[in-house]
1. If residue 176 satisfies every condition in (1) of a type outside the set (D, E, K, R); (2) farther than 27 Å from residue 14 by Cα; (3) open to solvent by 40 Å² or more (accessible area, probe 1.4 Å); (4) within 22 Å of the chain's Cα centre (by Cα) but one, which is the exception?
2. Within the range 105-124, track down each residue that is over 20 Å from residue 91 (Cα atoms) and in contact with a Phe, Trp or Tyr (Cβ under 8 Å, 6 or more places away or on another chain).
3. Of all residues in the range 95-135, which are assigned to a loop (DSSP other than H, G, I, E, B), buried (at least 16 other Cβ atoms within 10 Å of the Cβ) and polar (S, T, N, Q)?
4. Considering only the range 54-81, how many residues are assigned to a helix (DSSP H, G or I) and touching a residue at least 40 places away in the same chain (Cβ under 8 Å)?
5. Take the conditions in contact with a helix residue (DSSP H, G or I) (Cβ under 8 Å, 6 or more places away or on another chain), open to solvent by 10 Å² or more (accessible area, probe 1.4 Å), without any contact (Cβ under 8 Å) to a residue 24 or more places away in the chain and not charged (D, E, K, R) and apply them to residue 34. Does it pass?
6. For the range 7-41, which positions are of a type in the set (Lys, Arg), in a helix (DSSP H, G or I) and under 30 Å from residue 108 (Cα atoms)?
7. Which one of these does residue 65 not meet: (1) buried (at least 16 other Cβ atoms within 10 Å of the Cβ); (2) under 16 Å from residue 18 (Cα atoms)?
8. Just name the residue that is modelled with the lowest pLDDT out of those in the range 1-10 that are surrounded by 11 or more Cβ atoms within 10 Å (Cβ to Cβ) and farther than 13 Å from residue 76 by Cβ.
Amino acid sequence: MPTRQNWFEGWRLFAVLALTLVALSLWIAGMRQFEVDGVRMVIRFTARTSLLFFCLAFGAAALARLWPNAWTRWQRRNRRYLGVTFAASHAIHAVAIICFAVMDPVGYAGATSIASYVFGGVGYAFIIAMTATSFDRTAIALGARAWRMLHLTGGYYLLLQFMVSFGKRIPDMPLYALFLIPLLAVFALRMIAMAPRAQRTMPAS
């Protein structure tokens, strides 16, 4: 039986979400007259929206496997577009960081380190590669096995990077611990969803 789809799917879903992120980011920056404080607010906002769309995309298959229903089927069906929306959110995040660096070099230098350049650079490299292979033609060109390896490795790396980025702020702002909950939930769901598959592939004793 064909899967039922609605209006809010596919590239239309991505377009609406991406335009909404751009509009909200401009509005947030505009509330501070597009000065440094506004730019830093956009950095924080897009870090959180990136976390949301990453979790929705990376947890989609596990949720659909464990709790099949209309929502999880929609989420699984649109995980590519949720993933590309995550990339768009993090692209806005990168633009805001560049603006911060240009507008306040001293403040930017104090907020960054060599480690943030290295690990953040690797994270963005994964995002670019995963986004570039989120289209049928490029995915076919890469090959199923390499595609799966790239998206699994990149997904777990980004999950870990989110945990470190939000986790290191907990000592100063304990409420940041709340952002670790969806990340831990996605990791747990993926592990649970993998368990039956692993059991089925084990040789009989």
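1. Going through (1) of a type outside the set (D, E, K, R); (2) farther than 27 Å from residue 14 by Cα; (3) open to solvent by 40 Å² or more (accessible area, probe 1.4 Å); (4) within 22 Å of the chain's Cα centre (by Cα) one by one, residue 176 breaks only (3).
2. Matches in the range 105-124: 107 only.
3. 133, 134
4. Number satisfying all stated conditions: 13.
5. So residue 34 fails the test.
6. Within the range 7-41, 40 is the sole residue that qualifies.
7. Of the numbered conditions (1) buried (at least 16 other Cβ atoms within 10 Å of the Cβ); (2) under 16 Å from residue 18 (Cα atoms), the odd one out for residue 65 is (2).
8. Step by step, filter the range 1-10, then rank; the result is 8.
The values are calculated or read from the model by the stated rules, or taken from the named source; none is laboratory data. Nothing here was measured: the structure is a model prediction, and the numbers come from that model. We place every Cβ from the backbone using ideal geometry, glycine too, and count neighbours over all the protein chains shown. These area figures cover heavy atoms from the full protein model, side chains too; ligands, DNA and RNA do not enter into them. Shrake-Rupley method; radii C 1.70, N 1.55, O 1.52, S 1.80 Å.
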